[in-house]
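Student: Take this structure first; my questions come after.
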Amino acid sequence: MNILVVEDEVKAADFLRKALGAEGFGVDVVHRGDVALEMALRGGYGAIVLDIMLPGQDGLSVLRALRERGQTTPVLLLSARSHLSERVDGLNAGADDYLAKPFALEEVCARVKALCRRGGDPRGSLLRVGNLVLDTNSRIAQRGSLRVELSAREYRLLEYFMRHSGQVCTRALLLEKVWDYDFDPGTNLIDVTVRRLREHLEGPGEVELIHTVRGQGYLMEDRG
């Protein structure tokens, strides 16, 4: 299951990413509220860990926008303030839980697990780009009326592309997020996997979804 962590303090965000990752979660980290809102609206997250004080858009505004648009993914709010009024504001805005800083990472993990057990909107498990749909619960991809068979690595790459559609995914980032490498092994494994993924997705009559960005990496986008 995947978790979205929204925290502008880089060190704190990294601690959360590692702690939740050690519990078996896939973790996406963003540092701005406006970027978090865009990613959260795409769905596919079991829970969102959301700091209140953020650049771009504050956490409470992000939360209200999600709820107004029908997004029911469970949200754990984090805040450096522990005033009762702020906790009440957060819960009234649609938060499922609230934790004041400083916090123990073990408690964050326990609360996230509890939120994931409660579950959210089942539609939140679906990612869409054009007529391509990926169900992150069943791990089934479908383009139009055709089911797409994927290997485990192809699935991870596709899910990452779809979660970051419209954004350039560099090779270094793909190695880190999809292959768990913190170095370049000097192979063409990314290009080979992308080619196979394209063969699965882009049959006759279908528009191209995965675009090569010269000198940088790849971008998933429906330009049809």
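The values are calculated or read from the model by the stated rules, or taken from the named source; none is laboratory data. No experiment lies behind these values; they were computed from the predicted model shown. Reconstructed Cβ throughout: ideal geometry from the backbone, glycine too, with neighbour counts over all protein chains shown.
Quick grid of which residues meet (1) among the charged types (D, E, K, R); (2) under 18 Å from GLU154 (Cβ atoms); (3) at pLDDT 90 or above; (4) touching a helix residue (DSSP H, G or I) at 6+ places or on another chain (Cβ under 6 Å):
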{"residue": "VAL178", "(1), (2), (3), (4)": "no, yes, no, yes"}
{"residue": "PHE183", "(1), (2), (3), (4)": "no, no, no, no"}
{"residue": "LEU189", "(1), (2), (3), (4)": "no, yes, no, no"}
{"residue": "GLY205", "(1), (2), (3), (4)": "no, no, no, no"}
{"residue": "ARG223", "(1), (2), (3), (4)": "yes, no, no, no"}
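Student: Could you check ASP14 against (1) more than 17 Å from CYS109 (Cα to Cα); (2) surrounded by fewer than 15 Cβ atoms within 10 Å (Cβ to Cβ); (3) not aromatic (Phe, Trp, Tyr) and say which number it fails?
Tutor: (1)
Student: Cβ-Cβ below 9 Å, separation at least six or inter-chain, first residue in region 180-203 and touching a residue at least 40 places away in the same chain (Cβ under 8 Å), second exposed (fewer than 12 other Cβ atoms within 10 Å of the Cβ) and part of a helix (DSSP H, G or I): which pairs?
Tutor: Listed pairs, sorted by first residue: none to list.
Student: Of the residues ALA12, ALA36, which is small (Gly, Ala, Ser), part of a helix (DSSP H, G or I), over 27 Å from ARG128 (Cβ atoms) and not assigned by TED's automatic domain parsing to the domain that holds ARG156? Outline the logic, then answer.
Tutor: Details: ALA36 fails: over 27 Å from ARG128 (Cβ atoms).
Exactly one residue qualifies, and that residue is ALA12.
Student: Which condition breaks for ILE48 when tested against (1) crowded, with 19+ Cβ neighbours inside 10 Å; (2) in contact (Cβ under 8 Å) with a residue 40 or more places away in the chain; (3) within 21 Å of ALA93 (Cα to Cα); (4) touching an Asp or Glu at 6+ places or on another chain (Cβ under 8 Å)?
Tutor: (4)
Student: Considering only residues that are at pLDDT 90 or above and closer than 19 Å to ARG42 by Cα, look in region 131-154 and name the one that is surrounded by the most Cβ atoms within 10 Å (Cβ to Cβ).
Tutor: Ranking the candidates gives ALA141 first.
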